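Inspection log for the structure reproduced underneath, given as structure tokens.
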Amino acid sequence: ILADLLQYREWLSKDLKDKRMHLTDLQIDEIVQILIDRLIFMRSVEDRGLEEKEFLLKKVDDIQKGRTDKNLWTLLTIQFKIFDKEYNSKLFSKGLLEKEGFFDDKTLMKVIKGLYDGTQDHQERYMYDEIPIDLLGRIYEQYLGVVLRGTEKRVKLDLLSGKRKSMGIYYTPSYIVKYIVRNTIGEYTKNKSIDELLNVKILDCACGSGSFLIEAFQEVCDVIEDRLKKGEKSAKWNSFNSYNNRLSLGQKATILTNCIFGVDLDEKAVELAQLNLLLKVLEEETRETRRRVLPSMKDNIMNGNSLISDSNYEKAFNWNAQFPSIKEGGFDVVIGNPPYIRAESL
């Protein structure tokens, strides 16, 4: 998957550089990243049965067989508008991609076909509903370490482990994530009512692609579901007065927006965390059950330097301004990657 993601990124970056010479490397990287995020989301919801099977491949087929007079980029932008309306997440909102993005049919066809069958010969078809979010986190740790290097006329990708180290991008194995979450949130939520649980504020202040937040979200969902199974009801939230064998999409969306918060220095990591959380919410959903729009995560997962509030510094982060919903006293539980250093050397 990592090799394929990097291949898509290289194809798209080179194509965009040829057409938009005025764009900086950072802008090219941002536009390409947004496009890849959207396409992965689209493939993920398709494999979960929430969209028509092979609907992206059918767009390619329409072009190749002359069933449309539009180019593939135009067909995709129409699809983005539909997804923005249906899923209502920040992921498809109009921005730099729509303003500056444009890609050749040939490049887009290669990327879309790759999202189904990979870029290597004789590869098995990807099943995005079977790829664990944990695996995506491990892949993206390395993906984010690849830097776009541009000259006046061309771009290339360089694998720089230095970027990962300097920006503190470290992957935490899932068993450690589960252990930390179980022994923090698991303990904190004991003997709390549904209404108290829906008011718990959980933060990862260096969230990366969201592995701790995904596990934290699952933990709160499990505890609330356990309460609902036992017949407990909410005094404040009507949507938590019924239970039909599993949490509904609306219930999961409420838990996510009420309880889960994150900050990261890397803008791409923030986008990936939002993407991963939305995919997590869609687990177990079908076309029949997905009647509600997805929550927007833009007020929950923020980009900035969580250690610095002085506006004289780049990406300074003002906690009170960025999280006005967090009342005096701050967050209830702070989770995250432990410092992997020897205490003796401090």
- Item | DSSP-defined antiparallel bridges as percent of all bridges, the chain, nearest 5 | 35
- Tell me which residues come under 5 Å, amide H to amide H, from MET302 once H is placed; ignore anything under 5 positions away on its chain. GLY262, VAL263, ASP264
- Counting other Cβ atoms within 10 Å, which GluC sites (Glu not before Pro) in the range 84-126 have at most 12 and lie in a DSSP loop? GLU124
- Run the numbers on the chain and let me know its relative contact order in percent, using alpha-carbon pairs under 8 Å that are six or more apart. 20
- Message: Which residue fluctuates most in the GNM of the chain (Cα springs below 10 Å): LEU26, LEU249, LEU277?
- Response: LEU26
- Name the lysines eligible as straight-distance cross-link partners of LYS17: C-alpha to C-alpha under 20 Å, and not fewer than 8 places from it in the same chain. LYS99, LYS106, LYS110, LYS153, LYS156, LYS268
- Helix 211-229 axis, angle to the chain major axis (alpha carbon atoms, nearest 10°): 50
- Hey, what do the phi angles of the range 331-346 turn into as Karplus ³J(HN,Hα) couplings, whole Hz, using 6.51/-1.76/1.60 and θ = phi - 60°, x for Gly and Pro? 7, 7, 9, 10, 10, x, 5, x, x, 7, 9, 7, 4, 5, 8, 5
- Quote to one decimal, in nm, the extra length available between THR286 and ASP310 on full extension: 0.36 nm per residue of separation minus the C-alpha distance between them. 4.0 nm
- the chain, Gaussian network, Cα under 10 Å: of ASP84, ASP195, ASP69, the residue fluctuating most is ASP69
- Query: Cα axis of helix 174-188 to longest principal axis of the chain: angle in degrees, 0 to 90, nearest 10?
  - Reply: 30
- When the chain is treated as a GNM, springs tying every alpha-carbon pair under 10 Å, which of ASN183, ASN258, ASN303 comes out with the largest mean-square fluctuation? ASN183
- Exposed chymotrypsin sites (Phe, Trp or Tyr not before Pro) being those in a DSSP loop with at most 11 other Cβ atoms within 10 Å, the longest stretch of the chain free of them is 1-312
- Note on the structure: Residue span ASP25 to ASN244: 0.36 nm per residue of separation minus Cα-Cα distance leaves a gain in nm of 73.9 nm
- Query: Hey, which lysines would be in cross-link range of LYS192, C-alpha to C-alpha under 21 Å, not counting anything within fewer than 8 residues on its own chain?
  - Reply: LYS178, LYS201, LYS229, LYS230, LYS233, LYS236, LYS252, LYS327
- Message: Contact order normalised by length for the range 194-346, with contacts defined as Cα pairs under 8 Å and 6 or more residues apart; what percent is it?
- Response: 33
- Residue separation between ARG125 and TYR340 times 0.36 nm, minus their alpha-carbon distance, gives in nm 73.7 nm
- Kindly write out, for the range 113-120 in residue order, the coupling ³J(HN,Hα) from the Karplus curve 6.51 cos²θ - 1.76 cosθ + 1.60 (θ = phi - 60°), rounded to whole Hz, with x marking Gly and Pro. 4, x, 5, 9, 10, x, 9, 9
- Message: With +1 on the Cβ of every Lys and Arg and -1 on the Cβ of every Asp and Glu, and nothing else charged, how large is the dipole of the chain about its Cα centre, in debye rounded to the nearest 20?
- Response: 440
- Expressed in Å to one decimal, the Kirkwood Rh of the range 162-275 from all distinct alpha-carbon pairs is 15.1
- Message: I need the calculated FRET efficiency for the pair ASP62 and GLU267, taking r as the beta carbon distance and R₀ as 51 Å, to the nearest 0.05.
- Response: 0.90
- Which angle between 0 and 90 degrees, to the nearest 10, do you get for helix 55-64 versus the longest principal axis of the chain when only C-alpha atoms count? 10
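FYI, it's all coordinate maths here, none of it is from the lab. What you see is a predicted model; the values in this text were computed from it and never measured. Backbone-built Cβ (ideal geometry, glycine too); neighbour counts: all protein chains shown.
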